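Everything on this sheet refers to the single structure shown next.
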Amino acid sequence: MQFFNKITNVDFLRWRKTAFIVSGTLIIASIVSLAVRGLNMGVDFTGGTVIEVGYTQTADLGRIQAVLAKGGFPDAAAQHFGTSKEVMIRLAPRKGINSAAISEQVMSALHSDNTQVQLRRVEFVGPQVGEELLEAGALALLFTMAGILVYLWIRFEIRFAIGAVFATLHDPFLILGTFSAFQFEFNLTVVAALLAIIGYSLNDTVVIFDRVRENFRKMRKATPVEVVNSATNQTLSRTIMTSAVTMVAVVALFIFGGELLFGFSLALIVGIVVGTYSSIYIAAATALALGVSKNDLMPVEKEGAERDTQP
């Protein structure tokens, strides 16, 4: 624990140009992947039918998908949820066939292989609902960014606000790029994780900005780079401890949460890594690149203040 009580002296901003190049490259790669490959939208957004079934023994997903393909559902996706005996089957929407008819056909196919399969639940999501959910998720991200910009502009200074927004945009882009590149399923739980990571990353950024503002007032002869480096080092132990503890919980969720929480926990894992990185290398470095100085954060002296202090 002695390490976490010690203030380090790492020259983080020495690598800020390299960090900008790396981040810029990753963001461009994410945009290209999103434009070319897109996101593997889940049933939440595309619409379709979700069927939950139960087995008396551990279910073989490969065999289930083969049975469904033979039964006329080659695009069906089967995954465990809860336990290895519970299976969730996702089906794309089919024109002219309602969810009741689809569930009957699916159960008929499954019963041809195993008569002990039990139907747990059937849920149908229409394409219109999926489009509305996608729009609502995009608006939530947009309003969150706007709120962050206004809040930090009022609390700090416009260049810090721009730096924080840039860092906050940086994180969701890399998460979306990861899901696009590897074609992991993108659903509502991933949107929830994106919003959580925005708040997580912003919290780290605000902590560093608060210390930067304090140091600009204390270290009057230091350069802006020295001030920001000092603030980052002073808050480093807090950043590492917060990230490490959060990561332990999220990794446990990733390992034991099953397929239902796979996308959510994966987005959080990626988000914690890139969020911590962006708080250290992107947010304050962007403010410095925009020319922020101690004059922008020093309190404005009132006229006549010197006369009031004279005897």
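The values are calculated or read from the model by the stated rules, or taken from the named source; none is laboratory data. Small disclaimer: the values here were computed from a predicted structure and weren't measured. Here the Cβ positions follow ideal geometry from the backbone for every residue, glycine too, while neighbour counts run over all protein chains shown. Just the protein is used for accessible areas: all its heavy atoms, side chains included, with ligands, DNA and RNA removed. Shrake-Rupley method; radii C 1.70, N 1.55, O 1.52, S 1.80 Å.
Is at least one residue of the stretch 170-182 among the polar types (S, T, N, Q) and at pLDDT 85 or above?
Yes - at least one qualifying residue is present in the stretch 170-182.
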Q) Would it be correct to say that V150 is of a type in the set (A, V, I, L, M) and open to solvent by 20 Å² or more (accessible area, probe 1.4 Å)? A) yes
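Applying the selection to the stretch 281-294, what residues are open to solvent by 20 Å² or more (accessible area, probe 1.4 Å) and within 12 Å of R16 (Cα to Cα)?
Y281, L288, A289
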Q: Tell me, please, whether a residue that is free of Cβ contacts under 8 Å to residues at least 40 places away in the same chain, over 19 Å from M145 (Cβ atoms), part of a loop (DSSP other than H, G, I, E, B) and more than 20 Å from the chain's Cα centre (by Cα) can be found in the stretch 226-239.
A: yes
(Q) Go through the stretch 8-52 and report how many residues are open to solvent by 40 Å² or more (accessible area, probe 1.4 Å) and polar (S, T, N, Q). (A) 5
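Do the conditions hold for I240, that is, is it open to solvent by 10 Å² or more (accessible area, probe 1.4 Å), under 20 Å from A19 (Cα atoms) and at pLDDT 85 or above?
yes
Checking the conditions here, which among D113, D171 is out of contact with any strand residue (DSSP E or B) (no Cβ under 8 Å at 6 or more places or on another chain), farther than 21 Å from R213 by Cα, buried (at least 19 other Cβ atoms within 10 Å of the Cβ) and acidic (D, E)?
Only one candidate qualifies: D171.
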(Q) Can you tell me which of (1) in contact with a strand residue (DSSP E or B) (Cβ under 7 Å, 6 or more places away or on another chain); (2) crowded, with 16+ Cβ neighbours inside 10 Å; (3) not polar (S, T, N, Q) is the one I162 doesn't meet? (A) (1)
Q) So which residues in the stretch 176-199 are open to solvent by 30 Å² or more (accessible area, probe 1.4 Å) and over 16 Å from V274 (Cα atoms)? A) A181, F182, Q183, F184, E185, L188, T189, A192
Q. Which of the following residues is open to solvent by less than 50 Å² (accessible area, probe 1.4 Å) and out of contact with any Phe, Trp or Tyr (no Cβ under 7 Å at 6 or more places or on another chain): L266, L202?
A. L202
